[in-house]
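The next block holds one structure in the form of structure tokens; read it before the comments.
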Ligand SMILES: [Zn+2]
């Protein structure tokens with residue numbers, strides 16, 4: 001069995017208020033679906049989230 005801990009976060013764009021769920025360890029830039037504001041910036045294995053975190057969703061298996 002594969003024990004992979006994946007963390008997802010629900011974030012809210014500070015500019016337009018759009019909510020979207022992103023992977024907590026995103027290795028690529030993530031932009032807001034609506035307004036295109038850069039909300040996630042990858043930095044050394046961890047994603048730097050530049051938006052308001054509404055909820056952290058933990059998953060044991062995907
Ligand atoms: Zn936005």
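The values are calculated or read from the model by the stated rules, or taken from the named source; none is laboratory data. Everything numeric here is computed off the predicted structure, so don't read it as measured data. All Cβ positions, even for glycine, are placed from backbone atoms using ideal geometry, and neighbour counts span all protein chains on display.
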task = Looking only at the stretch 33-59, count how many residues are closer than 14 Å to residue 9 by Cα and assigned to a loop (DSSP other than H, G, I, E, B).
result = 2
query = Which residues, counting only those in the stretch 1-27, are modelled with pLDDT of 85 or more and not in a strand (DSSP E or B)?
reply = 13, 14, 15, 16, 17, 18
ask   = Got a number for residues in the stretch 28-55 being loosely packed, with under 11 Cβ neighbours inside 10 Å and touching a residue at least 12 places away in the same chain (Cβ under 8 Å)?
value = 2
